[in-house]
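Asks: Quick one: structure below, then a few questions.
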Amino acid sequence: MAQGSEERIPENPLRILISAGEASGEMYGAGLIEALHRRDPSLEFFGVGGARMRAAGCDTIVDAKDLAVVGITEILSHLPRIYGRFHKLIAEADRRRPDLAIVIDSPAFNWRVARQMRKRGIPVVYYVCPQFWAWRQGRVKLLRKYVDKALVIFPFEEKFYRDRGVNATFVGHPLADLPRPTVSREAYAAANGLDTSKPWITLMPGSRIKEVRMNLPTILESAGRLGPAYEFLLPVAPTLDRSLLERWIGEIPIHLVPEALPALAHSRAGIIASGTATVEAAIMGTPFVMVYRVTPLTYMLGKPRVKVSHFAMVNLIAGKEVVPELVQQDFTADNVVSKLSTILPDGPVRDKMIQNLATVRTALAGPNLDALLPADRAAEIIRTLLT
């Protein structure tokens, strides 16, 4: 390289606070950091995240796993710890003085971060906005008050937020561009001790301990009812302890595997807890049954506030039931097995679900106006706020 042609790093690089409070948000945060670094390698990031964001170049002041709590009632016992982490983050922000703050999902924590940044005159971007369209719609006023730009990842969200005075732009879902894993079924089976002569079913009970406790027992019972004709794969989320899962599973023949996407891609079907995993299954084109359970008190308090006709994200995007939803009292082993029995064999029901999942994936990919991936679209918009 000729002398003087090297890229110059500014003496005072731009600094970004980024806060992602759970496994999916942490994954999106890592992708966004990488997209921003491609545009400006000098950018500095610090905030809330986990291993993926650290690998992408973020100095994590708070680990995302410390904020992973499910449910209205369950969060109460964790409040002292969460507030402690919050004050630690804000103190570090006061020391480092970021030029911009990006908050990702996790509204209970992140709208407070947004408020504190706005008080300090720091522009705030909300990436992967809270699902206020599903419940607590009155809280949209928090976005209007504390957020300069909302980057939404589901196609119907832009209109919902814009109609309520929020500066929102649909950029596409960060997972929509996920390629199908290149590992063959045979190689994946050899690496994980799986029988290729049997159909596989992926079990995904959630990424947080409380979710797993509520969902896994019935999922395991369902696997037991389906019997040894199938191989059952349970991807271990980064936020979960493998040894804890092993204790819960006991002697049931379940294969704990390290990655979700190859498991989904090579499985005949899935039993998937509501959340990001349902989007991953849709993108892999894997038919599945959506399940979910919370404590009775949390369900009683939350149900009257729910404003949508479906729980599963793929159903919301499609505007119809693409996959069965088994929630709370409907989530039984009998019901899971019954629903699976309609999508495991070849036939019109299975074919229709696969076709509908493909339509959902296309919708998630975002505006077909450019060649940018969703994270790159988000990065382009964020860069305009830094100049």
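Asks: Along the charge dipole of the chain, pointing to its positive end and built from +1/-1 on Cβ of Lys, Arg, Asp and Glu, which listed residue (THR362, ILE381, TRP248) has its Cα farthest out?
Replies: ILE381
Asks: Sticking to Cα atoms, compute the Rg of the stretch 99-210 to one decimal and its Dmax as the biggest Cα-Cα distance, whole number, in Å.
Replies: My reading of the Cα-based Rg and Dmax gives 19.6, 61 Å.
Asks: Now, a different point. Give me the percent of Cα-Cα pairs in the stretch 162-296 that sit more than 23 Å apart, rounded to a whole number.
Replies: For the stretch 162-296, the share of Cα pairs beyond 23 Å comes to 35 percent.
Asks: Something else about it: How much accessible area does TRP248 have with a 1.4 Å probe, in Å² rounded to the nearest 10?
Replies: So the heavy atoms of TRP248 present about 90 Å² to solvent.
Asks: Using θ = phi - 60° and the Karplus form 6.51 cos²θ - 1.76 cosθ + 1.60, what ³J(HN,Hα) does each residue of the stretch 239-255 get, whole Hz, x for Gly and Pro?
Replies: 7, 10, 8, 4, 5, 5, 4, 4, 5, 5, 6, x, 8, 5, x, 10, 9
Asks: Further question on the same structure: Where only protein heavy atoms count, and the probe is 1.4 Å, what is the accessible area per residue for the chain in Å²?
Replies: 45 Å²
Asks: Here is a follow-up. Give me the percent relative contact order of the chain, please, defined on Cα pairs under 8 angstrom at least 6 residues apart.
Replies: Dividing the mean separation by the residue count of the chain yields 16 percent.
Asks: So what's the chain giving for Rg/Rh, alpha carbon basis, Kirkwood Rh from the mean inverse pair distance?
Replies: Checking Rg against Rh, the ratio lands at 0.97.
Asks: Say the dipole of the chain comes from +1 at the beta carbon of Lys and Arg and -1 at that of Asp and Glu; which of VAL322, GLY25, GLY121 then lies farthest toward its positive end?
Replies: About the Cα centre, the residue reaching furthest to the positive side is GLY121.
Asks: Under the rule that an exposed site lies in a DSSP loop and has at most 11 other Cβ atoms within 10 Å, name the longest stretch of the chain with no GluC sites (Glu not before Pro) of that kind, not counting the sites themselves.
Replies: Longest gap between qualifying sites, sites excluded: 12-250.
The values are calculated or read from the model by the stated rules, or taken from the named source; none is laboratory data. Bear in mind that the values here come from a model prediction, so they are computed numbers and not experimental data. Cβ sites come from the backbone with ideal geometry, for glycine too, and all protein chains shown count toward neighbours. Quick note on the areas: whole protein, heavy atoms, side chains included, nothing else; ligands and nucleic acids left out. Shrake-Rupley method; radii C 1.70, N 1.55, O 1.52, S 1.80 Å.
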